[in-house]
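First up is the structure itself, then whatever we jot down about it.
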Amino acid sequence: MYEVLLHQFMSGERAAGQSLNIGALSRELDVSQTPLREALARLEHTGLVQREALRGYRVAPVMTREEVEQLGEARVLLEPRLAYEAAQRTTPEFLEGLREAVEDFRRSAEVADTETEGFDLYWRSDARFHMMIAAQSGNAFLELSYAALGGQIQRFRLFSKFGRTGAVSAAPEHDAVYQAIVAGDAEGAADAMRHHIIGATERLLNA
């Protein structure tokens with residue numbers, strides 16, 4: 001149920017701020033309420049769902065301009081360091097997985113703004129790219145810090161939506177990070193990641 005609801009949110013089937021009635025969802029999806037409650041509780045921790053006293057769950061509202069700016073500030077402090085550390089700890093398995101994420105993202109870029117499947121591949125490959133780098137940092141506390149931001153980053157992706165994902169611009173930025181990591185260029189990886197995060201934030205603010 002978690003994946004079903006996540007897909008619905010990210011594909012736009014359920015709008016920002018929309019109420020999520022557990023009884024209605026149970027009937028619509030033909031499942032019992034228990035797995036729905038568990039899925040919604042997990043989604044609440046990601047920031048994509050909010051729970052209000054006496055009113056139940058709803059899809060998180062659209063990010064404000066201030067929230068986008070503050071998330072960008074947090075990411076630009078953290079993610080260049082993650083890329084720096086990952087570039088010094090590469091393995092063949094990590095580089096292969098990262099290459100696949102970069103290629104999937106590149107394939108999604110041309111259709112992320114026009115096709116539901118393209119948007120789905122866009123946000124999944126983007127999430128995989130960033131999470132892999134965090135996991136390869138070798139620092140559990142840095143990785144946990146990224147995980148703490150992860151839900152809000154998903155919310156950032158959620159509100160990019162069709163027509164303004166910026167995927168065409170982001171694809172070469174991902175590739176620049178990847179190439180620096182492959183070369184073992186820690187400083188270059190950090191600089192490329194910083195450029196990417198600033199660019200992604202500015203694209204959403206200017207959309």
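The values are calculated or read from the model by the stated rules, or taken from the named source; none is laboratory data. Remember, it's a predicted structure, so these values are computed and weren't measured experimentally. With ideal geometry, Cβ positions are generated from the backbone for all residues, glycine too; neighbour counts draw on all protein chains shown. Protein only, heavy atoms only, side chains kept; ligands, DNA and RNA dropped before computing areas. Shrake-Rupley method; radii C 1.70, N 1.55, O 1.52, S 1.80 Å.
For the reader, a short list of remarks on this structure follows.
- Number of the condition not met by residue 201 [criteria: (1) touching a residue at least 40 places away in the same chain (Cβ under 8 Å); (2) over 17 Å from the mean Cα position of the chain (by Cα)]: (2)
- Number of positions in the stretch 184-202 that are at pLDDT below 95 and surrounded by 17 or more Cβ atoms within 10 Å (Cβ to Cβ): 2
- Applying the criterion of at least 1 residues that are of a type in the set (Lys, Arg) to the helices (runs of 4 or more DSSP H) found wholly in the stretch 119-207 leaves 140-158, 186-206.
- For the stretch 112-128, the set of residues classified as in contact (Cβ under 8 Å) with a residue 40 or more places away in the chain and not small (Gly, Ala, Ser) consists of 113, 114, 116, 119, 120, 122, 123, 126, listed by residue number.
- Candidates 40, 54: the one that is out of contact with any helix residue (DSSP H, G or I) (no Cβ under 9 Å at 6 or more places or on another chain) and without any contact (Cβ under 8 Å) to a residue 40 or more places away in the chain is 54.
Residue by residue, here is whether (1) in contact (Cβ under 8 Å) with a residue 60 or more places away in the chain; (2) within 22 Å of residue 45 (Cα to Cα) holds:
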{"residue": "79", "(1), (2)": "yes, yes"}
{"residue": "98", "(1), (2)": "yes, no"}
{"residue": "110", "(1), (2)": "no, no"}
{"residue": "130", "(1), (2)": "no, yes"}
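- Filtered by the rule that a residue be on the phi < 0 side of the Ramachandran plot and at pLDDT below 85, the stretch 44-59 gives 45, 46, 48, 52, 53, 55.
- Entirely in the stretch 1-117, the helices (runs of 4 or more DSSP H) that have 2 or more residues that are open to solvent by less than 30 Å² (accessible area, probe 1.4 Å) and under 30 Å from residue 191 (Cβ atoms): 65-87, 92-109
- Of the criteria (1) closer than 18 Å to residue 74 by Cα; (2) open to solvent by 10 Å² or more (accessible area, probe 1.4 Å), which one residue 176 fails: (1)
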